Amino acid sequence: MKNIIGAFIIALFAVCIALPNLVHAGAEGDSAAGSFKFLLDDGETRFVEFKANELADGQAEGDLTLSDPAVIPVDDPDNPDEKQTPGVLIRAKLDCMDTIKNTAVVGGAIYDSNVPSAIGQRVLLVIEDNGVDGAKDRLTWGIYQAPPEKPWIPVDAERDDDRGAFLTWTATDAERKDDVGISMPPSKLVQCKTFPGASYDFPEIKYAGGDLQVTAK
């Protein structure tokens, strides 16, 4: 009897050790990383460095640094007399990721930049991993305005259950049972799945050094 109890305790202990490892392994998703310096038609050298790990529900964690000396920043409306000089350097915390085969879209909020008006905006980086040496890798990027914060929410003061502008619903095709629907109203926050993959235009790279890596699991 003692041997049976002892064997049971040992087996239970082994399961308890293995379980966290299984949970951790199941939580891991796709990843993307790179350090890439490249030259475009305009003769300007750009640089990007990033690392992203996919979490649950399309979320992600990671960091991104992007330097583009050819960008002409938009003038700050709060300081109309202060003219912006060409060139932008941004750093962003990544919060979303979408991977299809050898292509990944990563995005997040800009928290540091030499252009103050860029802080708080959204950035998307699209990378295409075409080999281990990086010579045929491609990328494109964009900076997008973040939706303004709502100053007030209209509600019915006579109804405690009125959700006001927070009301949401799912629009579906009633004639198709397989239609998963679209959440309404659509979010104004630019995310990694906001634009279809075919809409991205990759610029022609004249010279590149470094590597872009997409690891799909």
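Odds and ends about this structure:
- Single match in ASP75, ASP81, ASP57, ASP41 (criterion: at pLDDT 65 or above, assigned to a loop (DSSP other than H, G, I, E, B), among the charged types (D, E, K, R) and exposed (fewer than 15 other Cβ atoms within 10 Å of the Cβ)): ASP41
- Qualifying residue in the range 138-155 (condition: among the hydroxyl-bearing types (Ser, Thr, Tyr) and either modelled with pLDDT under 80 or open to solvent by 90 Å² or more (accessible area, probe 1.4 Å) (or both)): no
- The set of residues in the range 98-125 that are of a type in the set (A, V, I, L, M, F, W, C), open to solvent by less than 20 Å² (accessible area, probe 1.4 Å), part of a strand (DSSP E or B) and over 19 Å from ALA198 (Cβ atoms) comprises ILE110, VAL123.
- When residues in the range 44-54 are screened for being open to solvent by less than 60 Å² (accessible area, probe 1.4 Å) and either within 17 Å of VAL88 (Cβ to Cβ) or in contact (Cβ under 8 Å) with a residue 60 or more places away in the chain (or both), 3 of them pass.
- Selection count where residues are among the small types (Gly, Ala, Ser) and touching a Ser or Thr at 6+ places or on another chain (Cβ under 6 Å), scope the range 108-146: 0
- Scanning the range 177-217 for residues that are at pLDDT below 85 and more than 20 Å from the chain's Cα centre (by Cα), we see that the one that is least open to solvent (accessible area, probe 1.4 Å) is GLY181.
The values are calculated or read from the model by the stated rules, or taken from the named source; none is laboratory data. These numbers come from a predicted model, not from an experiment. Glycine also receives a Cβ, built like all others from the backbone with ideal geometry; neighbour counts cover every protein chain displayed. Surface accessibility is based on the protein's heavy atoms, side chains included, excluding ligands, DNA and RNA. Shrake-Rupley method; radii C 1.70, N 1.55, O 1.52, S 1.80 Å.
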